[in-house]
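Every number in this text was worked out from the coordinates using simple rules, so none of it is lab data. Since the model is a prediction, treat every value here as computed from it, not as a measurement. All Cβ positions, glycine included, derive from the backbone under ideal geometry; neighbour counts span all protein chains shown.
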Amino acid sequence: MNAMLETVNLVKYFNDFCAVNDISFTVKKGSFTGLLGPNGSGKSTTLKMLCNLSSPTSGEVYINGIDVCKDAPHALSTVGCVIETPEAYPYITPTELLHYVGKLFCMSKTAITAETKIILDKVGITEYADKKIGKFSKGMKQRVALAQALINEPELLILDEPSSGLDPKGMSDMRTILKSLNDDGTTILMSSHMLHEVEELCNNVVIISQGRVIESGDLEFVKSLTKKICLTVKSSNNPDAEMLSKISSLSGVKSISLHDNSVSLSFEGSISDRAYLLREILNLGLDVYDFSESSTAFEQVFLKLTEESK
Ligand SMILES: Nc1ncnc2c1ncn2[C@@H]1O[C@H](COP(=O)(O)OP(=O)(O)OP(=O)(O)O)[C@@H](O)[C@H]1O
C-alpha cells in the first residue's frame, strides 16, 4: 500500500460553523506533503483531527490503514506530531523531556537514552541537552518540539507550521533538518504559509480554502495548472521606453513592468518560446546578465486557485 495517511470526507463543525468541509486527500509513503491555505482555511483543524487532538464531526482518518478515530493508540504509534507552538515546562531540560515522552511510548530506559542522543544531534541541540528549556529562544524551542516528536522513530511526522515565528536563520535550519529527515525516509505532512518553503521542500501539495480541498497533487502538477509564468530579466543597461514597448509586443508576453534595471514579464509559452523570447530581447540590445523564472510562479497558482474557490 502506497498511502501513509488518508482522510475520507472529513468534516468539522464548531457549533453551526463548518471549519472543515468534506476534505479527502492522501499522503503517500515517503512524500513531503505541504498543506497550504490562507488564514482560517482549516489547516490546523484538519491536522488536529489527524492526530486525534480533535474529533471529526464526520469522516475518517486512516494511518497505515488503521482508523484513527477507532484505534488512536495503534494508528498513532508510528506518528510524531508538532501542532501549534508547544510549550514544554520551562524548568526541565531536553533530555528530561525526551525521557518523559519516551516513557509514554513505553520505551526502555536504554532505548530512550540511545534515541535521545541521536535525536538531539539530528535537531542540532546536543550542547543544550541538559540546559533548562525556559531559557531557550523560539527557534531552540521549535527544535525541542521536533525532538520530542521524533522519540518513537516515527514513520510519519505531522507538523503545523514548523517555521512559524522563526528568524531567517532559524527557518533555514529547520528546513535543513526536515529535508534530512525526509531524505532518511520519514514521511512528512506540514502546513505552511510560506509558498517558497513548500516549493523548496515538498513534492506533494494539498491546497485548501474555506475548509475544502481545491487542488492536490504533486508540486509540478499544481504549478502547471497555470501556464503563465513570471520571468525576470536583469540587464546592465537600462531598457528605454521603445525597448519596453517592443518587448511587450513579443510573442507570449502578457504584461511587463520595470523595477530598477529589472524587467518583470508575465509570459505564456513553451520552453522553446522562452528561448526565442530571450534571443529577441538580446537582439533589441538589452545587455542581459540574468533571465530567470521568479519564485512567484507557484504563488500565482496558489492565489489564482484560492481566489477562484471563493
Ligand atoms: N475551537 C474553535 N471554535 C470555533 N471556531 C474555531 C475553533 N478552531 C478553529 N475555528 C475556526 O475554524 C476556522 C479554521 O481555523 P484553523 O485554525 O483550522 O485555520 P488555519 O488554516 O489553520 O488558519 P491559520 O493559517 O490562521 O492558522 C477559522 O475560521 C477558525 O476561527
Measuring from label point to label point, each 7 Å out along Cα→Cβ, what is the Ser248 to Glu199 span in nm?
2.5
Under 10 Å, Cα contacts only: if you run a Gaussian network model on the chain, which one of Glu268, Glu115, Glu199 comes out with the highest mean-square fluctuation?
Glu268
Asp260-Phe221 FRET efficiency (beta carbon distance; Förster radius 30 Å; 0.05 resolution)
0.30
Under the Cβ-under-4.7 Å rule, which cysteines of the chain stay unpaired?
Cys18, Cys69, Cys106, Cys202, Cys230
So for the chain, Kirkwood radius off the Cα pairs, Stokes-Einstein at 4 °C and 1.567 mPa s: how many µm² s⁻¹?
60
With n ≥ 4 as the cut-off for DSSP H runs, can you work out [θ] at 222 nm for the chain, using -39500 (n - 2.57) per run divided by the number of residues, rounded to the nearest 500?
-10500 deg cm²/dmol
With an 8 Å Cα cut-off and a minimum separation of 6 or more residues, compute the relative contact order for the chain in percent.
20
Between the helical axis of 168-183 and the dominant principal axis of the chain, each derived from Cα atoms, what acute angle in degrees is found, rounded to the nearest 10?
70
Have a look at Val101, Val79, Val68 and tell me which one the Gaussian network model of the chain (Cα, springs below 10 Å) gives the largest fluctuation.
Val101
Binned at 5 Å starting from 0, the alpha-carbon pair-distance distribution of the stretch 171-228 in whole percents comes out as 4, 16, 26, 25, 16, 10, 3, 0
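How many lysine pairs in the stretch 228-308, separated by 8 or more positions in sequence or lying on different chains, have Cα atoms less than 18 Å apart? Intermediate results must be reported in sequence, preceding the final value.
Working: Lys228/Lys254; Lys228/Lys304; Lys234/Lys246; Lys246/Lys254; Lys254/Lys304.
The number of close lysine pairs in the stretch 228-308 is 5.
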Cα-based helix-to-principal-axis angle, 94-104 vs the chain, degrees rounded to 10:
60
Rounded to 5, the percent of DSSP beta bridges in the chain classed as antiparallel
70
Using amide H atoms built in the peptide plane, which far-off residues or other-chain residues are under 5 Å from Ser24 H to H?
Asn9, Leu10, Val213
